[in-house]
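Novice: Dumping the structure here so I can ask a few things about it.
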Amino acid sequence: MRHLLAIAILFLFSSCINQRVDLIVHHAKIFTVNNEFSVAEAMAIQDGKIVAIGNNDDILKEYKSDSVVNANGASVYPGFIDAHAHFLGYGQSLYTVDLMFVPTWEEAIARVKDFAAKHPGTGWIKGRGWDQNRFPGKQFPTNALLNELFPDRPVILERVDGHASIANDFALKLAGVKPGQTMEGGQFLTLDGKLTGLLVDNAVGVVDKIMPPVTKEDYKNWLLSAQQNCFATGLTTITDCGLSPADIDQVDALQKSNDLMDMLPIVYQ
């Protein structure tokens, strides 16, 4: 009987010291941010949660895993929190052409071409960030190159400050804009009696309002893409500032339906 009891105890002890987990990280500098702000060397992770943390010898002795990472002294931090972010806006920007700091209009056009190649189809191409003050001569561009490249696909590219946009002729046609058209608080610029595509202030809204309404799938794509990039840099929680009631309803609905079940927590402000 004693022999059987000893075997049982030995089996139980062996099971404890060889507990299998999904991941072990060792020889790291792990900042726990507990009450003592202690720094550990190793940790064991199971089902996405840290189940043990301590020194290298104890963790490697008590846990086993098919995935063992030697951090070689690298630092490991808890997930970062951004207390003031525009998370939804960032997600939207990933589906538009980034024109920030382009030195020439030709470079802006090249970025549009690259975006179109990666997003084929007939849907709208939107971009933001160009500034003619960075271009040689500091002259406002026209939509001539856009018309050549995209005769059958609407394009609108917003200036860095949001007070002007360039739209191609196809987009202007969809919006019903005609040469000589006027409106209060806005301008439709022309050259030699033809629209240049440059829209100023309120004129931008004439084109914006004919774009297809945002869908649930749009929100899902924006948020999941933004989430992926945030996780990749260690950002795990954000406070999104300035969301509209409609934005909040869409995000909330997606989370409740589990479409965003892996979504990082969002605090609305």
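Novice: Counting other beta carbons within 10 Å of each Cβ, put Leu254, Leu224 in order, fewest first.
Specialist: Leu224, Leu254
Novice: Follow-up. Quote the charge dipole size of the chain about the Cα centre in Debye, to the nearest 20; the model charges only the Cβ of Lys and Arg (+1) and of Asp and Glu (-1).
Specialist: Magnitude of the dipole: close to 340 debye.
Novice: Between the alpha-carbon centers of the stretch 117-158 and the stretch 61-95, tell me the distance in whole angstrom.
Specialist: 36 Å
Novice: Would you calculate a helix-derived [θ] at 222 nm for the chain, using -39,500 (n - 2.57) for each DSSP H run of n ≥ 4 and dividing by the full residue count, to the nearest 500?
Specialist: -10500 deg cm²/dmol
Novice: How compact and how long is the chain, expressed as Rg and Dmax of its alpha-carbon atoms in Å?
Specialist: When restricted to Cα atoms, the chain yields Rg and Dmax of 27.7, 105 Å.
Novice: Next up: Take Ala144 and Thr122, extend 7 Å from each Cα along the Cα→Cβ direction, and tell me the distance between the two endpoints in nm.
Specialist: Result for the modelled spin labels: 2.9 nm.
Novice: I've got another one for you. Using Cβ counts within 10 Å as a stand-in for footprinting exposure, how do Cys230, Cys241 rank, fewest first?
Specialist: Ranked by crowding around the Cβ, least crowded first: Cys241, Cys230.
Each reported figure results from applying straightforward, stated rules to the coordinates on display, with no laboratory input. Source: prediction; values computed, not measured. Here the Cβ is made from the backbone with ideal geometry for all residues, glycine too, and neighbour counts use every protein chain on show.
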